[in-house]
1. Around Q130, what is the net charge, scoring Lys/Arg as +1 and Asp/Glu as -1 over all other residues with Cβ under 14 Å from its Cβ?
2. What label, among (i) 20.1, 81; (ii) 19.5, 60; (iii) 21.7, 74, belongs to Rg and Dmax of the Cα atoms in Å computed from the structure on display?
3. Summing -39500 (n - 2.57) over the DSSP H runs of n ≥ 4 in the chain and dividing by its residue number, what mean residue ellipticity at 222 nm do you reach, to the nearest 500 deg cm²/dmol?
4. With the Cα gyration tensor of segment 178-243 giving a ≥ b ≥ c as the square roots of its eigenvalues, does the rule (a/c under 1.5 for rounded; else a/b larger than b/c for prolate; else oblate) give rounded, prolate or oblate?
5. Mind pulling the angle between the C-alpha long axis of helix 312-323 and the longest principal axis of the chain? Nearest 10 degrees, somewhere in 0 to 90.
6. Starting from the Cα of K251, draw a straight line to each of the lysines and keep only those under 22 Å, dropping any in the same chain fewer than 8 residues away.
7. Give the accessible surface of segment 27-324 per residue, rounded to a whole number of Å², with probe radius 1.4 Å and ligands, DNA and RNA excluded.
8. Give me the percent of accessible area attributable to carbon and sulfur for the chain, probe 1.4 angstrom.
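The values are calculated or read from the model by the stated rules, or taken from the named source; none is laboratory data. Remember, predicted model here, so these are calculated numbers, not experimental data. FYI the Cβ positions are ideal-geometry reconstructions off the backbone, even for glycines, and counts take in every protein chain you see. When the accessible area is computed, the model is the full protein with side chains, heavy atoms only, and any ligands, DNA or RNA have been set aside. Shrake-Rupley method; radii C 1.70, N 1.55, O 1.52, S 1.80 Å.
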Amino acid sequence: MREWWIHVGLICIPLVAVYLHIPPPQLSPALRKWHSAGEVFHFRGHNIFYRDSYGALGSSDVVILLHGFPTSSYDWNKIWEPLTQRFNRVIALDFLGFGFSDKPRPHRYSIFEQASVVEALVAHLGLSDQRVNLLSHDYGDTVALELLYRSEQNRTGRLTINSLCLSNGGIFPETHYPRLLQTLLKDSSFLAPVLTRLTNYMLFSKGIGEVFGPYTQPTDAEFWDMWTGLRFNDGNLVLDSILQYINQRLKHRERWVGALTSTFIPLHMIYGPLDPVNPHPQFIRLYQQLVQRSTVTVLDEHISHYPQLEDPTGFLNAYFNFINSF
C-alpha cells in the first residue's frame, strides 16, 4: 500500500513543479533583432513595446499596424520593409498583455483600454495632428473599430483616421467561431487558471496550425517565435483575461459595427477565405451586405486566418491597391 503512494508522489511532484513554473524559451536571433529595433513607452504604469521605422522620403503618410490574438507586432515582420518603401513612417505596437509589452495580472483587459494604448502611443510620437492609416488583423480589427468610433464621435480627439484596412477579424459575433480552448478559457473561471498553466508548445502550435492553410503552415522556427512571444513575461497566464474581448464584441456589437457601417473614411477588407474562425462565405457575405462602402479583396482559396504571413505578396498588393486608390 505504501509503495502505491510513493509512486503517486513521484508522479505528482514533477507535475506540480511543471504546473508552478515553466521557464520561458530564449529569444531566437530573429526575434531578438525585432526586439532590439523597438522601444517602450509608459502607459498607466506599464511598459508598451513598439517599433517606429522611417521609410519613404517625400511622403508624409503614416501607417499604424494593429496585431491579432494571441501573437504580437512580429506578425507584420514579412511585410515591414515593403511598407517602409511606401510610407514615411511604419508603426506597430504590442498591445498590453501581448508580445514584449507588460502583462499585468490580475488585470481586466479590454478593447477600450487597448484603444487608449494606441491613442497614447500616437500622442507619445507627436502624431496627434497627423492623419494616420490603420492596418489591422483579428483582435486588432476590434481595437481599430473602437478607435474609429472615438474618431467619428470626436470623443478623444487623439487620433485622426485617414483610412482603415481590416483583415480576418471576428467583427461580427454571429459569424465568429472561436477555437475550443479559447471558449474554455474565456468562460470557465474554474478551469482557466489550470489551462493557462498547462498550455504548452505542442498545444499552442497545434492550435495555431489549425488556423493556417495546409500549404501555408508556419515553419518550426516561426511556430517557436510565436510561442516565445506569448511566453515572454508569462503571457500564457493572462490569456483567459484577454479573451474576454470575445464577450466584449458581443456586448458592444452595436457600437463597433455601427461605427464601421456609418463611417465615410476609405475602408478595405483583406480576407483569407479558408479561415475557420471567420468562415467563408458567411463572413464575407455579411461584411459586404452591411459595409457596402468598403472594397474587398478575397485572397487565394488556400489562404486562411493569417493572410499577412501566409501570402505577404498578395496581402501587400491588395493593401497598396487600396491605399493608392484615394
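1. Values: positive: R89, R131, R158; negative: D52, D61, E119, D129.
Value of the local net charge: -1.
2. Derived directly from the coordinates: (i).
3. On the way: 15 runs with 146 residues, N = 326.
Value at 222 nm, helices only, nearest 500: -13000 deg cm²/dmol.
4. Numbers: a/c = 2.58, a/b = 1.54, b/c = 1.68.
Since a/c reaches 1.5 but b/c is at least a/b, the shape of segment 178-243 is classed as oblate.
5. Roughly 30 degrees, rounded to the nearest 10.
6. K186
7. On the way: 12200 Å² over 298 residues.
For segment 27-324, the solvent-accessible area averages 41 Å² per residue.
8. Working: 8340 of 14920 Å².
So the carbon and sulfur contribution to the accessible surface is 56 percent.
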